Amino acid sequence: MPQHVQGVIAPGRNEPVRVETIVIPDPGPGEAVVKIQACGVCHTDLHYKQGAINDEFPFLLGHEAAGIVESVGEGVTEVEPGDYVILNWRAVCGQCRACRRGRPWYCFATHNAKQKMTLLDGTELSPALGIGAFAEKTLVAAGQCTKVDPAVAPEVAGLLGCGVMAGIGAAINTGNVGRGDTVAVIGCGGVGDAAIVGSRLAGAAKIIAVDIDDRKLAKAKEMGATHTVNSRTADTVESIRELTGGFGADVVIEAVGRPETYEQAFYARDLAGTVVLVGVPSPEMRLDLPLLDVFGRGGALKSSWYGDCLPSRDFPMLIDLHQQGRIDLAAFVTETVGLGDVEKAFARMHEGDVLRSVVVL
């Protein structure tokens, strides 16, 4: 029987979000209903609100979440009611050419729940990244649920559902940061700081944090950066080269998603170095680089989607590392808020006042 719950929707481009009653259908084949316990306020949700992802309004926002499986549909074997799970937005199919080649993190046929959640009047909602977790409950594909140790608080565990996993994965999975490498991270929000944590975990010898906000640079130092550069007052490329013996960094991770900062990343890497784009650009952005420079500098230019993660492999591993004290996921949580505080959390994010606000239900 369908359930009525409270959730946060974005009704139209740049309109304030609001709490509405959401209708959650019973799970169909391959689906699960999850009772949400906590959900991080991610910049991607703000992109949805601004219409920078697409214009399929209204959106049910929220995607960086942890909770308890309440019910499952026919044929579900991955999870069962009572399981403590982190939600992910790339449920792999297991059948596409990437999955068959043993590279499921590149799955070309990731999927979400087939049924739609709606408003009371029947208006269909577009769940952010196929999740929609700024709600008391949500409907997802069962493959979007990854079981983890319930000893870890949901406001901490849920962060792996997007930003923290994207940043750590950009360093470890996409950038292949190794022992003794030099790494520069441009943009020190939640994803950038997670890339710093991942680089430290991988054994990087030097980690250079770049941002225009001294508050963020101070936090980046706490997260493991060895050097900082305020790009408002110093040239990013020259500063990184000076800190790397004149050569540039082995891996430069761009966590802003703008052409200007990507160009900085491109020229701040060493010859045959790697650039990783994990910041999310908007559709109108364009990049102009001399093709001869792309050819002559060698190396690799990579995009990191979700940190090239495989949730079933990476989420439990990172939870274990957190429990061992090797990474501090709780350090990403600046504040906890309620469903009615999401609009204020967006404002605080825009002003750079928080690393992560987390909605707790």
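Considering only DSSP beta bridges with both partners in the chain, what is the antiparallel share in %, to the nearest 5?
Once the DSSP bridges in the chain are tallied, antiparallel ones form about 55 percent.
Subtracting the Cα-Cα distance from 0.36 nm times the residue separation, let me have the gained length for ASN176 to CYS96 in nm, one decimal.
Stretched fully, the ASN176-CYS96 segment lengthens by 26.3 nm.
What 222 nm value per residue comes from the helices of the chain, counting each DSSP H run with n ≥ 4 as -39,500 (n - 2.57) and dividing by all residues, nearest 500 deg cm²/dmol?
Helix contribution divided over all residues of the chain: -7000 deg cm²/dmol.
Using unit Cβ charges (K, R positive; D, E negative) and no other charged atoms, how large, in debye to the nearest 20, is the dipole of the range 123-226 about its Cα centre?
So the magnitude is around 320 debye.
For the range 126-279, calculate the relative contact order in percent as a whole number, restricting contacts to Cα pairs under 8 Å that are 6 or more residues apart.
Relative contact order here is 20 percent.
Between the helical axis of 311-323 and the dominant principal axis of the chain, each derived from Cα atoms, what acute angle in degrees is found, rounded to the nearest 10?
70 degrees
Sort 143-155, 294-306, 191-203, 332-344 for me by packing, meaning the mean count of neighbouring Cβ atoms within 10 Å per residue, highest on top.
So the peptides 143-155, 294-306, 191-203, 332-344, ranked by packing, come out 191-203, 143-155, 332-344, 294-306.
Given a 1.4 Å probe, how much area per residue of the range 266-327 is accessible, in Å²?
54 Å²
Once you wrap a convex hull around the alpha carbon atoms of the range 247-346, what is its projected area averaged over all directions, in nm²?
9.7 nm²
Going by a ≥ b ≥ c, the root eigenvalues of the Cα gyration tensor, does the range 46-89 fall in the rounded group (a/c under 1.5), the prolate group (a/b larger than b/c) or the oblate group?
prolate
Quick one: angle between helix 259-268 and the longest Cα principal axis of the chain, in degrees between 0 and 90, rounded to 10, please.
40 degrees
Please report, in Å, the Rg and the Dmax of the range 153-195, where both are computed over Cα atoms only.
Calculated on Cα positions, Rg and Dmax stand at 11.2, 34 Å.
Which of the lysines could a cross-linker bridge to LYS137, judged by Cα under 23 Å and excluding same-chain residues fewer than eight apart?
LYS35, LYS49, LYS114, LYS116, LYS147, LYS344
Can you pull the percent of the chain's accessible area that's carbon plus sulfur, 1.4 Å probe, other chains left in place?
50 percent
Is the C-alpha gyration tensor of the range 135-222 telling us rounded, prolate or oblate? Criteria: a/c under 1.5 is rounded; beyond that, a/b larger than b/c is prolate, otherwise oblate.
prolate
Fully extended, how many nm does the chain gain between ARG313 and HIS47 (0.36 nm per residue separation, minus their Cα-Cα distance)?
That pair, ARG313 and HIS47, stretches by 92.9 nm at full extension.
Determine which residues of the range 78-101 fall in the zone a paramagnetic label at THR336 would reach in this model, i.e. backbone nitrogen under 18 Å from the point 7 Å along Cα→Cβ.
Within reach of a label on THR336, which here means backbone N under 18 Å from a point 7 Å along Cα→Cβ, the range 78-101 contributes 84-87.
Ignoring solvent entirely, what values of log10 I(q)/I(0) come out of the Debye formula for the range 152-286 at 0.09, 0.13, 0.16, 0.20 Å⁻¹ when each Cα is a single scatterer?
Calculated log10 I(q)/I(0) at the listed q: -0.22, -0.46, -0.70, -1.09.
In whole Å, what is the distance between the alpha-carbon centres of the range 120-199 and the range 28-107?
11 Å
May I ask which residue of GLY325, SER304, VAL294 lies farthest towards the positive end of the charge dipole of the range 290-339, with charges of +1 (Lys, Arg) and -1 (Asp, Glu) on Cβ and the Cα centre as origin?
So the residue we want is VAL294.
Could you work out the pair-distance distribution P(r) of the range 316-358 from its alpha-carbon pairs, with 5 angstrom bin width and percents rounded to whole numbers?
Reading upward from the zero bin: 5, 23, 22, 15, 13, 14, 8, 0.
Using +1 on the beta carbon of Lys and Arg, -1 on that of Asp and Glu, and nothing else charged, what's the dipole of the range 105-170 about the Cα centre, debye to 20?
200 debye
Quick one: grab the alpha carbon gyration tensor of the range 210-251, order the square roots of its eigenvalues as a ≥ b ≥ c, and give me rounded if a/c is under 1.5, else prolate or oblate depending on whether a/b is larger than b/c.
oblate
Please compute, for the alpha-carbon atoms of the range 240-303, the extent along each of the three principal axes and give them in descending order in Å.
36, 24, 16
Can you check how the C-alpha radius of gyration of the chain compares to 2.2 N^0.38 Å, as a plain ratio?
This ratio for the chain stands at 0.98.
With the alpha-carbon atoms as the only input, what is the per residue convex hull volume for the range 1-112 in Å³?
Convex hull volume per residue, Cα atoms: 124 Å³.
With an 8 Å cut-off on Cα pairs and a minimum separation of 6 or more residues, tell me the relative contact order of the range 62-195 in percent.
Worked out over the range 62-195, it gives 28 percent.
The values are calculated or read from the model by the stated rules, or taken from the named source; none is laboratory data. Remember, predicted model here, so these are calculated numbers, not experimental data. When we count neighbours, we look across all protein chains shown, and the Cβ atoms used for this are built from the backbone with ideal geometry, even at glycine. When the accessible area is computed, the model is the full protein with side chains, heavy atoms only, and any ligands, DNA or RNA have been set aside. Shrake-Rupley method; radii C 1.70, N 1.55, O 1.52, S 1.80 Å.
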